[in-house]
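These notes are about the structure you will find just below.
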Amino acid sequence: MPTIKCSVTECQYNSDVMCDAPMIQVNHSGSENSSTSEETQCETFKPKH
Ligand code: SF4
């Protein structure tokens, strides 16, 4: 797993602004033809509870 910086600290997998998940899945966001980073999203996100 490469080092993944992630600022989504609300996620259960986030540890010190880094992703600690064993793997992540990233999908298109909205359109099936992303052309900017805003058009992608992390599917593995899980809210902290
Ligand atoms: S699972 Fe996704 S949202 Fe959660 S810390 Fe990792 S990269 Fe960020």
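When the residues of segment 35-44 are filtered to those that are part of a loop (DSSP other than H, G, I, E, B) and open to solvent by 90 Å² or more (accessible area, probe 1.4 Å), the one that is farthest from the ligand (Cβ to nearest atom) is S35.
The set of residues in segment 8-21 that are under 12 Å from the mean Cα position of the chain (by Cα) and either more than 9 Å from the ligand (Cβ to nearest atom) or outside any strand (DSSP E or B) (or both) comprises V8, T9, E10, Q12, Y13, V17, D20, A21. Select from segment 1-32 the residues that are at positive phi and at pLDDT 95 or above and write down the one among them that is least open to solvent (accessible area, probe 1.4 Å). Filtering first and then ranking leaves V17.
May I ask you to verify whether H49 is more than 11 Å from the ligand (Cβ to nearest atom) and at pLDDT 95 or above?
Considered against the rule, which asks whether it is more than 11 Å from the ligand (Cβ to nearest atom) and at pLDDT 95 or above, H49 comes out as no.
The values are calculated or read from the model by the stated rules, or taken from the named source; none is laboratory data. Quick caveat, the model's predicted, so the values are computed rather than measured. Every residue, glycine as well, gets a Cβ built from its backbone with ideal geometry; the counts of neighbours run over all protein chains shown. The area values use the complete protein model at the heavy-atom level, side chains included, leaving out ligands, DNA and RNA. Shrake-Rupley method; radii C 1.70, N 1.55, O 1.52, S 1.80 Å.
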